[in-house]
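A.B. asks: My structure is below; once you've seen it, I'll send some questions.
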Amino acid sequence: MRDLLFEDGGAVGLSAPKRGEAAERTRGGRVVVEGTTKAGEPFVTVFEKEDEDEKELAAVLSRELAAFATRIGAGELRSVLVAGLGNPRIDVDSLGSLAALRVTAGAAGRRKVGSVGIGVPEQTGIASAELVAAAAAVVDADLVIAVDSLAALAPERLCSVIQIAGGVIPGSGADGGSRGINSATVGRPVVTVGTPTAVKGRLSKGGSGADGLFTVCGIAGQVAFHAGVIASAIDSFLAE
């Protein structure tokens, strides 16, 4: 399980986002919270509608991806790498792998697009950040888009928001994480996108309990839906 640097909208309704704060707006009829973490990391959270429409949500997310890439200073995008993080064998952690498979690789308009499933160190024996950096070097990427499952802060966030940020820490949702994937570790501009598929909690019985990660029924379908939305949004963004 992985987790973005910041999986919380924070304070909303502010006139302008400052460090550690956020502001609320709308796009395509959906609430969007934009701001920075206390560490100064930018983020955008798109809140989904009930009975969400895949095409409409993908169109909103595509525009947010384009705006975020500009916000972090990404220049002309001649080559882009899409990196799918997570374990494809586990439904709750397979968002990145599924999205990477669905992205249209090759030529996308004026751009070259490479798409690869990174997997997890337990399978590859290599840190995810190192694999992403190596793949980005192969395609000489002007931008890296990393897709991953998130750990939510609250149950109501499960499979109901999509978040964009400037970095991801593989494994932070489960065990504290490993080396982060961001512009500093990859050496290129990085945009991360994902949706929360599990939430931390405590299962109590007889006065004792154990902490763990919990998800929702039908998680495989939810992950497939969001992988399709994210892949379509990336395709649309890169085709512009």
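Just so you know, all these numbers are worked out from the coordinates, no wet-lab data involved. Nothing here was measured: the structure is a model prediction, and the numbers come from that model. Virtual Cβ from ideal backbone geometry, glycine too; neighbours counted across all protein chains shown.
A.B. asks: Points 7 angstrom from Cα along the Cβ direction at residue 137 and residue 41: gap in nanometres?
C.D. replies: About 2.4 nm, to one decimal.
A.B. asks: Separate question: For a Förster distance of 35 Å, can you work out the FRET efficiency between the beta-carbons of residue 104 and residue 200, rounded to the nearest 0.05? Could you put the intermediate results ahead of the total?
C.D. replies: Details: r = 35 Å, r/R0 = 1.00.
In this case the efficiency is close to 0.50.
A.B. asks: Quick one: give the max-minus-min coordinate of the C-alpha atoms of the range 65-105 along each principal axis, largest first, in Å.
C.D. replies: Principal extents (largest minus smallest coordinate, Cα): 36, 20, 11 Å.
A.B. asks: Moving to a separate point now. For 214, 43, what ranking results if the residue with the fewest other Cβ atoms within 10 Å of its Cβ goes first?
C.D. replies: Values: 214 14, 43 25.
Fewest-to-most Cβ neighbours within 10 Å comes out as 214, 43.
A.B. asks: Return, ordered by residue number, the residues of the range 21-53 whose backbone nitrogen is under 19 Å from a label point located 7 Å along Cα→Cβ of residue 154.
C.D. replies: From the range 21-53, the list is 21-26, 30-38, 43-51.
A.B. asks: How would you rank 211, 51, going from fewest to most other Cβ atoms within 10 Å of each one's own Cβ? List each step's numbers first, then the result.
C.D. replies: Values: 211 8, 51 5.
Lowest count first: 51, 211.
A.B. asks: Kindly work out what percent of the DSSP beta bridges joining two residues of the range 68-152 are antiparallel, to the nearest 5.
C.D. replies: On the way: 3 of 15 bridges.
Percentage antiparallel, nearest 5: 20.
A.B. asks: Convex hull over the Cα atoms of the range 48-135, averaged projected area in nm²?
C.D. replies: Averaged projected hull area, Cα only: 7.2 nm².
A.B. asks: Same structure again: Label residue 25 and residue 71 with points 7 Å out from Cα along Cα→Cβ: what is the distance between them in nm?
C.D. replies: It is 0.9 nm.
A.B. asks: Treat the count of other C-beta atoms within 10 Å as a stand-in for reagent exposure and order 197, 215 from fewest to most. Could the numbers behind the result be given before it?
C.D. replies: Details: 197 29, 215 21.
Ranking 197, 215 by Cβ neighbours within 10 Å, fewest first, gives 215, 197.
A.B. asks: Assuming 0.36 nm per residue, please report the length gained on full extension of the stretch residue 213 to residue 51 beyond their Cα-Cα distance. Before the final figure, lay out each step's value.
C.D. replies: Numbers: separation 162, 0.36 × 162 = 58.32 nm, distance 2.53 nm.
Gain on extension, residue 213 to residue 51, equals 55.8 nm.
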